[in-house]
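Scroll down for the structure; my scribbles are underneath it.
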Amino acid sequence: MSIIDYDRAMRWVQDAPGGSGPHLLLGNGFSMAYNAKQFSYGALKSRASERSEIGEIAEGVFRRNDTSDFESVIKELESTASVLEVVNSDSNGGLIDQLLAEAQALKETLARAIVDLHPDVHYEIEESASDRVSNFLDNFKRIYTTNYDILLYWVLMRNLDFEDNSEYRRDDGFRGAMPEDPFVVWDNLNSSRNQTVYYLHGALHLFMNEARGELQKVTWIRTSELLLDQIRGRLEENSFPLIITEGTAENKRSRIMQSDYLGTTLRSFANIGGGLLVYGLAFSESDDHLKDAIVNSNIQHLAVSVFGDPDSENNIILRNSVNKMVLRRQALIESRKRRSPLAAKFFHAESVDLW
């Protein structure tokens, strides 16, 4: 299969019919491209183990499966608990509780590990690198990301033009709260009018305040306190960010639909059309909810990045997953549930000039 470069892929998604895009979907490869040592699951697992924050059963699953993938271990813990509930919940009650408790602890541990390894301040990113990423982002009308970290937010804020009134102006939908509040809140009534940046799985700087019924975003401009310090402060108070760390697509979808923000974000993604460029996403089983959204959307040109050897096992799985989406769209056309076909191309991730 021919793998094209980014420039050709970009021209192709720009030429997609029937859309107002192109749009962008970012996966963990975006953060890994900045620093693989800081944002790989291996690094996160090592940090969590150093702090002795992983439960005994979870640690055993990590070792047995020879993996550092938090989501796969969370999935196994939760799936095992579900099976035990069906088999005999009375006799297995203690073990079920332990499995679920370790799965929840692992989700919280992941948040702490990301914060621990995250760059402390935005100016650790070289200005030239920030400019390159900003130029890349400027090609897209809407930006969707599955990443929890705040690298994207830093780049957007560093290059934000408050005088920009174009359709590509960056707006994450958060607005000022009360003057004395050290945060801003998501404008759930009006955000869809102007919002162009979406955190599909939440992010470290987003916190749900149940008492006030609002999603809050910590921000430097209201406190002059570093974002990572504000996030650490909330973690120390056992207040955890809105991040979706569930192991299966079904559990992810369930958590997403419990949040007004995340549900709105996923629906927005499912409603885009034209061209979509995907950078750094594996399209694994845990991404089935995103694949469903693409298949049922009006996207017609889908360009997906491939990192390294196109014929590696991971890339073959990725390509097969994307090709299945194309076939699923065709089936919808044949059943008269969709009119436009989905075409896919693959491009070399290394041909994108980022960090």
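Derivation of every value follows stated rules applied to the coordinates shown; laboratory data play no part. Just so we're clear, the structure is a prediction, and the values are computed from it rather than from any experiment. FYI the Cβ positions are ideal-geometry reconstructions off the backbone, even for glycines, and counts take in every protein chain you see.
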Backbone N within region 277-308 under 14 Å of label point (7 Å from Leu332 Cα along the Cβ vector): 289-302
Can you compute 3J(HN,Hα) from phi for each residue in region 335-340, using the Karplus curve 6.51 cos²θ - 1.76 cosθ + 1.60 with θ = phi - 60°, rounded to whole Hz and x for Gly and Pro? 8, 6, 9, 9, 9, 9
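When only Cα pairs under 8 Å and 6 or more residues apart are kept, what is the percent relative contact order across region 165-276?
Values: 134 pairs, mean separation 26.5, N = 112.
Result for region 165-276 is 24 percent.
Quick one: dipole size for the chain, taken about the Cα centre, charges +1 on Lys/Arg Cβ and -1 on Asp/Glu Cβ, in debye to the nearest 20.
On the way: 38 positive and 53 negative charges, 310 e Å.
That gives the chain a dipole magnitude of about 1500 debye.
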Nearby lysines by direct alpha-carbon distance to Lys345 (threshold 28 angstrom, same-chain neighbours under 8 apart not counted): Lys141, Lys252, Lys291, Lys324, Lys337
Those lysines that a straight Cα-Cα span of less than 25 Å connects to Lys37, excepting residues fewer than 8 apart in one chain: Lys45, Lys75, Lys107
Would you work out which of Leu200, Gly42, Leu215 lies farthest towards the positive end of the dipole of the chain? Charges go on Cβ: Lys and Arg +1, Asp and Glu -1. Leu200
Based on DSSP loop calls and a cut-off of at most 10 other Cβ atoms within 10 Å, the longest stretch of the chain free of exposed trypsin sites (Lys or Arg not before Pro) is what? 1-335
Amide H neighbours of Glu214 under 5 Å, at least 5 residues apart or on other chains, H built in the peptide plane: list them. Asn209
Ranking Ser284, Val83, Ser335 by how far each Cα lies towards the positive end of the charge dipole of the chain (+1 on Lys and Arg Cβ, -1 on Asp and Glu Cβ), the top one is Ser335
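Can you tell me the relative contact order of region 192-335? Whole percent, Cα pairs under 8 Å, sequence separation 6 or more. Numbers along the way, then the final one.
Numbers: 143 pairs, mean separation 27.4, N = 144.
About 19 percent, as a whole number.
Which helices, taking whole DSSP H runs in the chain, have alpha carbons extending 18 angstrom or more along the helix axis plus mean Kyte-Doolittle at least -1.0?
Details: long enough: 70-88 (27 Å, 0.47); 93-117 (36 Å, 0.56); 313-334 (32 Å, -0.26).
Length and hydropathy pass: 70-88, 93-117, 313-334.
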If amide hydrogens are placed 1.01 Å from N in the peptide plane, which non-local residues have theirs closer than 5 Å to the one on Arg142? Leu24
With no solvent term and unit scatterers on the alpha-carbon positions of the chain, Debye gives log₁₀ I(q)/I(0) at q = 0.08, 0.09, 0.14 Å⁻¹ of -0.40, -0.51, -1.28
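Using only helices, what value at 222 nm comes out for the chain when you add -39,500 (n - 2.57) per DSSP H run of length 4 or more and divide by the total residues, to the nearest 500 deg cm²/dmol?
On the way: 15 runs with 166 residues, N = 355.
So the helix-based figure for the chain works out to -14000 deg cm²/dmol.
Using just the alpha carbons, could you tell me how many Å³ per residue the convex hull of region 50-113 encloses? Numbers along the way, then the final one.
Values: hull volume 4.9 nm³, N = 64.
Dividing the Cα hull volume of region 50-113 by its residues yields 77 Å³.
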In whole Å and largest first, what semi-axes does the C-alpha gyration tensor of region 233-335 yield when each eigenvalue is scaled by 5 and square-rooted? 27, 19, 12
In whole Å, what is the distance between the alpha-carbon centres of region 323-354 and region 28-101? 32 Å
Give me, ordered by chain and number, the residues 5 or more places off Val278 or on other chains with an amide H under 5 Å from its own placed amide H. Leu25, Ala303, Val304, Ser305
With a/c under 1.5 counting as rounded, go ahead and sort region 105-250 into rounded, prolate or oblate using the C-alpha gyration tensor (a ≥ b ≥ c being the square roots of the eigenvalues; past the cut-off, prolate if a/b is larger than b/c, else oblate). rounded
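Which shape class applies to region 1-155: rounded if a/c is under 1.5, otherwise prolate when a/b exceeds b/c and oblate if not, where a ≥ b ≥ c are the square roots of the Cα gyration tensor eigenvalues?
Taking the square roots of the gyration eigenvalues as a ≥ b ≥ c, region 1-155 is prolate.
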